[in-house]
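Okay, structure first, notes after.
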Amino acid sequence: MTSIKSFMSRQELIGILVIAAVLFIIMPLAMDIFRLNLFGKYLTYAFVAVGLVLCWGKCGILSLGQGVFFGLGGYCMAMYLKLEASTPEATAIQSTPGIPDFMDWNQITALPWFWEPFNSLTFTLLAIIIVPAVFAFIIGAAMFKRRVGGVYFAIITQAIAAILTILIIGQQGYTGGVNGITDLRTLKSWDIRTDEAKYILYYVNGALLIAVLLLSQIVLKSKLGRLLVAVRDQEDRVRFSGYDVSNIKIFVFCFAAVLSAIGGAMFTLQVGFMSPSFVGIVPSIEMVIFCAVGGRLSIFGAVYGTLLVNWAKTTFSETFPELWLFGLGALFIAVVLIFPNGVSGLYQSYLAPLVDRVVSTGKRKGRSDTAPPPSSGFGAETTAKPAE
Amino acid sequence: MRRVKDIIQSRMSRRSLLAGTAATAIVAATGAVTPTFADEANTTGLAVTDDTVQVGILHSVTGTMAISETGSVQAEKLAIEQINAMGGVLGRKIEYIQEDGASDWPTFAEKAKKLLVNDKVAAVFGCWTSASRKAVLPVFEQYNGMLYYPTFYEGLEQSPNVIYTGQEATQQIIAGIDWVAEEKGAKSFYLLGSDYIWPRTSNKIARKHIEKLGHKVVGEEYYPLGHTQFNSVINKIKLKKPDVIYAIVVGGSNVAFYKQLKAAGIDMTKEKPLLLTISVTEDEIRGIGGENIDGAYAAMKYFQSLENDNNIEFVKAFKEMWGDDVVIGDVTQAAYLGPWLWKAAVEKAGSFDIDKVRLASPGIELATAPEGYVRVHENHHLWSKTRIGLAKPDGQYELIYETADLMEPDPFPEGYQ
């Protein structure tokens with residue numbers, strides 16, 4: 001218990017248990033496989049949103065290019081799956097059998113060298129982590145060492161998202177262009193399109209998300225986590241205290257990038273294709289919106305925000321195919337105007353005191369009937385302590 | 001062709017096996033949800049009752065593609081309304097569920113799956129860009145749905161689950177190039193297009209055909225989607241003086257391209273050089289402006305100005321339903337064919353069952369099509385005539401030429417790959 005205590009308050013433990021319960025019990029019971037698969041897809045965006053909470057909410061680095069990393073992870077996975085689907089037998093119809101179909105359409109006659117390693121699953125899994133991490137490191141080192149920050153950093157990340165999209169679309173012989181990499185079928189000859197596979201992938205996805213939440217929680221509660229917040233609030237003071245601010249920033253940016261890439265890879269597995277429409281500026285900004293709706297200070301809020309926005313998107317567009325964008329727009333305006341701290345802000349100001357009371361009365365039962373109401377959302381730790 | 005037929009056949013049988021298992025699973029899973037299973041007309045658990053049948057319409061009504069796809073949605077709704085007025089299909093009224101692809105390919109895939117898995121529609125009319133079709137294709141094949149796809153496209157595809165109601169590349173290209181070579185004596189061509197699969201594949205076929213005729217391609221260039229600076233290519237064109245500019249520019253780039261062409265002093269009405277396009281329908285001319293494209297030629301299968309009885313009636317009905325200021329382009333007409341072809345196939349099969357409709361589809365004829373008689377080929381594309389139209393300042397095409405016979409669809413053209 002003490003080891004858990006060191007990085008997680010009672011509230012946060014409840015938070016993570018609730019998410020686990022929602023993901024693993026409530027969702028699968030409440031939904032058929034089609035809806036569950038949709039939620040699985042939304043959850044892959046939650047990886048990005050959690051990364052953004054650390055990067056933007058905690059450390060104050062607004063990145064408008066997280067789609068880049070989501071895309072890198074997704075494309076790595078898609079390249080592996082595409083190679084597996086492009087056996088000489090399955091592609092016998094092409095002028096050059098054995099290479100992905102879009103290469104054949106673009107008159108490419110041999111597999112490009114950078115596709116070769118993606119025949120190996122081990123390499124692919126490593127690449128999903130390492131490629132975005134290295135890329136983020138290069139961007140981070142180039143920017144933060146020169147003390148580029150704030151709005152300028154946001155604009156540059158956005159430019160990178162635009163550049164990568166143009167690159168992917170332009171090099172369609174190697175990347176599939178606008179169409180993306182489609183028609184992915186099997187992973188190690190396990191058909192990922194069956195309902196059973198969708199269930200399994202959903203649970204794998206959920207488990208990974210919980211793991212990522214725990215990892216983020218550990219980072220946040222460590223000394224590093226406090227430094228992140230310090231950098232956001234008083235960057236100069238941190239620097240004058242002898243810390244290298246740029247290293248802290250590079251770390252959190254890389255960390256967020258890797259989380260996004262994991263989300264991207266899981267996306268490819270669950271949806272069955274990857275296209276440049278996840279890499280560009282619009283999806284990158286959308287991902288920031290998920291995070292903002294959830295509340296950019298809470299990793300749990302980010303998960304709920306992502307689910308809420310995507311659920312709203314799907315529901316509105318199914319009900320009002322021609323007007324749904326207005327509904328979604330109204331939701332965003334409402335979030336900004338009425339509850340700027342998002343879902344988690346609402347929770348903190350209305351629900352958290354209630355939860356505190358329940359938790360603390362439970363603890364005090366038998367000792368006293370009147371539990372003193374905690375004054376703020378942060379009260380849980382202090383009021384619960386005497387009960388130990 | 002390297003045993004294309006064998007491969008397709010083996011694919012088909014694998015598919016139908018898959019479809020069988022999927023179908024039983026669906027029946028088992030939804031027995032309680034769908035109220036009445038209507039007799040033997042429907043054996044696969046589709047959304048069919050004794051007096052209604054549900055179909056899906058899946059196009060972008062928001063986002064950048066909305067401007068192009070709206071016409072298709074309107075045409076499909078018109079066809080459905082007309083079919084219902086005639087008593088429906090197998091005595092059942094068609095009800096449609098419309099979903100928005102939002103100009104976003106993954107959304108198309110998601111919505112396609114929703115229509116097939118959740119709504120169990122008997123057919124889907126939809127998609128426009130190749131990218132959206134590629135995104136939904138695995139979904140249709142996995143869940144065994146039926147898609148009627150209206151756009152002219154690059155070919156190289158033949159799915160048992162799709163009926164392609166637009167022309168594939170060879171139909172549009174070969175007739176067009178033959179015509180300029182014979183009638184206009186064209187000998188040199190400058191190919192240019194937007195940079196994605198359709199223009200690239202089309203130009204590949206065009207180049208092969210031009211070279212086969214013994215003529216010359218003097219240049220070939222591609223520009224990213226949305227590109228608006230065509231001055232450099234226009235200068236090259238002026239330098240190389242080709243007889244024909246063969247343009248496959250799509251979307252918003254068209255506006256810039258044709259305006260800059262005109263501004264650079266290339267007068268298409270003088271036919272030196274002559275411009276032949278396969279990508280500009282009446283819909284695009286609305287954006288470009290008729291005066292900017294006056295004198296260009298287009299090779300496609302349908303123009304709003306066609307003067308046959310079917311078309312006159314179709315244009316009248318379309319305007320009655322959607323207002324006088326609409327224009328009808330090639331794709332809109334192809335989209336209109338979708339529900340009619342599906343109705344004919346269902347009636348021939350005597351069932352809504354996807355597999356039966358698929359088997360009944362080849363050979364289906366439609367004498368009432370606005371473009372004239374069409375017939376479904378074994379490869380799921382349409383036999384259709386190719387026509388050459390001359391763009392007029394009022395935004396309409398004037399019919400100049402049409403092929404005497406129906407062009408055979410050949411999505412995997414031998415010698416053109």
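Observations, loosely collected:
- Cα→Cβ-extended label distance, 7 Å offset, between B:GLU95 and B:GLN396, nm: 4.0 nm
- Among the listed pairs B:LYS187/B:LYS392; B:LYS120/B:LYS385; A:LYS198/B:LYS134; B:LYS204/B:LYS236; B:LYS111/B:LYS319; B:LYS236/B:LYS392, those with a Cα-Cα distance over 23 Å are B:LYS187/B:LYS392; B:LYS120/B:LYS385; B:LYS111/B:LYS319; B:LYS236/B:LYS392.
- Euclidean distance between Cα centres, segment A:67-104 to segment A:109-187, Å: 16 Å
- Under 5 Å, built H, 5+ apart or other chain: amide partners of A:THR91: A:GLY98
- Gain on full extension, evaluated as 0.36 nm per residue between A:ALA142 and A:VAL204 minus their Cα-Cα distance, stands at 18.8 nm.
- Relative contact order (%) - segment B:66-156, alpha-carbon pairs under 8 angstrom, separation at least six: 25 percent
- For B:GLU182 and B:LYS272, the FRET efficiency from 1/(1 + (r/R0)^6), where r spans their Cβ atoms and R0 equals 22 Å, is about 0.80.
- Relative frequency of Cα-Cα separations exceeding 31 Å in segment A:2-303, percent: 32 percent
- In order along segment A:275-288, the Karplus-derived 3J(HN,Hα) couplings, from 6.51 cos²θ - 1.76 cosθ + 1.60 at θ = phi - 60°, round to 9, x, 5, 9, 9, x, 5, 4, x, 4, 5, 4, 5, 5 Hz, and Gly and Pro are given as x.
- Summarising the strand pairing of the protein assembly as shown, around 35 percent of its internal DSSP beta bridges are antiparallel.
- Folded to 0 to 90 degrees: helix B:253-263 orientation relative to chain B principal axis, Cα: 20 degrees
- Label separation (B:GLU221 vs B:ASN84): 5.0 nm, computed from points 7 Å beyond Cα along the C-beta direction.
- For B:ILE97, the residues whose amide H sits under 5 Å from its own are B:VAL55, B:GLY56, B:ILE57, ignoring neighbours fewer than 5 places away on the same chain, with H placed 1.01 Å from N.
- Residues whose amide H falls under 5 Å from that of B:GLU220, counting only those 5 or more places apart or on a different chain, are B:LEU191, with hydrogens built in the peptide plane.
- The packing ranking of peptides B:249-256, A:330-337, highest mean first, is B:249-256, A:330-337, where packing means the average number of other beta carbon atoms within 10 angstrom of each residue.
- DSSP-defined beta bridges in chain B - what % are antiparallel, rounded to 5: 30 percent
- Counting only other chain Cβ atoms within 10 Å of each residue's Cβ, the peptide B:100-107 averages 6.
- Semi-axes of the equivalent ellipsoid for the protein assembly as shown, Cα gyration tensor, largest first, Å: 51, 32, 24
- Average other protein chain Cβ within 10 Å of Cβ, residues B:150-156: 1
- Helix A:324-338 and the long axis of chain A differ in direction by around 30°, with both axes built from C-alpha atoms.
- For segment A:2-303, relative contact order (Cα pairs under 8 Å, six or more residues apart, normalised by length) works out to 41 percent.
- Neighbouring partner chain Cβ atoms per residue of A:87-93, average, 10 Å criterion: 3
- Measuring r between the beta carbons of A:ARG232 and A:PHE326 and using R0 = 60 Å, the FRET efficiency lands at 0.95.
- Given +1 at the Cβ of Lys and Arg, -1 at the Cβ of Asp and Glu and no other charges, the dipole of the protein assembly as shown around its Cα centre is 3640 debye to the nearest 20.
- With Cα atoms, 0 to 90° folded angle of helix B:309-322 axis to chain B main axis: 80 degrees
- Charges were assigned to the Cβ only: +1 to each Lys and Arg, -1 to each Asp and Glu. The resulting dipole of segment A:165-304 about its Cα centre is roughly 400 debye.
- Cα→Cβ-extended label distance, 7 Å offset, between A:ILE130 and A:ALA159, nm: 3.0 nm
- R0 of 30 Å, Cβ-Cβ distance A:LYS188-A:ALA30: FRET efficiency to nearest 0.05: 0.45
- Simple Cβ-charge dipole of segment A:1-159, Lys/Arg +1 and Asp/Glu -1, about Cα centre, in debye nearest 20: 960 debye
- In percent, rounded to a whole number, the relative contact order of chain B is 18, using alpha-carbon pairs under 8 Å and six or more apart.
Here, each number is a calculation from the coordinates, and none is a lab measurement. Note that the coordinates shown come from a computational prediction; the quantities given were computed from them, not determined experimentally. Neighbour counts are summed over all protein chains in view; Cβ atoms, including those assigned to glycine, are modelled from backbone coordinates with ideal geometry.
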